[in-house]
Amino acid sequence: MRQLSVIVPFYNVQDYAPETLACLRANAAPGTEFILVDDCSTDSTGELLEQAARHLPGAVYVRHAHNGGLATARNTGLDRARGRYVTFLDGDDWLAPGYYRRLVAAIAELDCDFVRTDHVQCAARARTIHRVPHGRRGVVQDPRSAILPATHPTSVDYAYAWAGIYHRRLLDDGLLHFPDGLRTAEDRPWIWRLHREARTFAVVGLLGVFYRRGVSNSLTQIGDVRQLDFLRAFDQVVEETAADRDAELLLPKAVRNFCAIIAHHLNNIERFEKPVARRLREMSADALRRMPQHVLTEVLDAMDTDRSELLRRLHRRGVPAGVSA
């Protein structure tokens, strides 16, 4: 068995892939495999990966015949992974030299199901450290204890898959695969499932992942219909949380998160194409109607006035005739 499997999806990132591949070479070590998944790129990304696979120690190159999105590409990597531990990197991000050696040492010492780490966000020339929103560091805990409170950021709100490392037993238990086909917010159902169903986790103050923001072809920069997959992602979070043994405690957090992201997109609706903006309003109204209504009422009562009123207006427009809002 390999010590570490690193899953790296790439899609049309020819300008950034050389830096990403160089940082992988700086982290190569015996027992480490790099699973490079080309999600049917249409630029020269695939050629860069084919060349890198011949020279990068431990490289495994896989190319999709059709573009499936980040979740599907990560799942392809998971299906190929042979490591005792698994981690992720996106094809336009990079790492500090020797980072994976320190990351593996952290989870081996703590002997837990998964470890979450801080990261550095990079936008143009600005560098900002982003911390896992969890106070206790270097202590093994129950992941459920890091879901609440509902009104404050917690570990489930820090959904970056690449900001951590995961024991293979989670993969064997079916907890590491992503909802197939989701184009955005694919990590939200994933991180909630980890915190509900894994047994142990820890947070460490380890920096080494550099997350590139503002990439022109990133879905966070594109206002097309793929952005609306966040609705399917959070529908899954709410549905699965409603079936949990602690649903009464956890649902307010899930519903509040869903409401917050709907409000965020509505407040930035001008960046969407007009037909997509119309669908966003319609689908968001339907989503509010699907939520547990008693929980939704409590959440809206507790939210700030601007977002609460925005969502209440949308909810009223989305309720069919004859049904009380």
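Throughout, read-outs are computed from the coordinates displayed, never taken from laboratory work. What you see is a predicted model; the values in this text were computed from it and never measured. When we count neighbours, we look across all protein chains shown, and the Cβ atoms used for this are built from the backbone with ideal geometry, even at glycine.
With axes computed from alpha carbons, what is the tilt in degrees of helix 247-267 against the longest principal axis of the chain, rounded to the nearest 10 within 0 to 90?
Rounded to the nearest ten degrees, it is 90.
Roughly how big is the stretch 144-273's charge dipole about its Cα centre, with Cβ charges of +1 (Lys, Arg) and -1 (Asp, Glu), in debye to the nearest 20?
420 debye
So for the chain: antiparallel DSSP bridges make up what percent, rounded to the nearest 5?
If we restrict to bridges inside the chain, about 35 percent are antiparallel.
Grab the beta carbon distance between ARG279 and ALA28, set R0 = 56 Å, and tell me the FRET efficiency rounded to 0.05. List each step's numbers first, then the result.
Numbers: r = 45 Å, r/R0 = 0.80.
Given R0 = 56 Å and the Cβ-Cβ separation, E is 0.80.
Helix 305-318 sits at what angle to the longest principal axis of the chain, using alpha carbons and giving 0 to 90 degrees rounded to 10?
70 degrees
For a label point 7 angstrom out from the Cα of ILE269 toward its Cβ, which stretches of the stretch 281-298 have the backbone nitrogen within less than 20 Å?
281-291
How charged is the neighbourhood of ALA124? Take every other residue with its Cβ under 11 Å from the Cβ of ALA124, and add Lys/Arg as +1 and Asp/Glu as -1.
So the environment of ALA124 carries a net charge of +4.
Could you compute Rg(Cα) / (2.2 N^0.38 Å) for the chain, with N its residue count?
Working: Rg = 20.2 Å, N = 325, 2.2 N^0.38 = 19.8 Å.
Cα Rg divided by the expected 2.2 N^0.38 Å: 1.02.
Return P(r) of the stretch 109-251 (all Cα-Cα pairs; 10 Å bins starting at 0; whole %; ordered from short to long distances).
Pairs per bin, as whole percents: 11, 38, 37, 13, 1.
Cα axis of helix 274-290 to longest principal axis of the chain: angle in degrees, 0 to 90, nearest 10?
Orientation of helix 274-290: about 70 degrees from the principal axis.
For a bin width of 10 Å, list the pair-distance distribution of the stretch 1-107 built from all Cα-Cα distances, rounded to whole %.
Going out from 0 Å in 10 Å bins, the stretch 1-107 shows 17, 53, 28, 3 percent.
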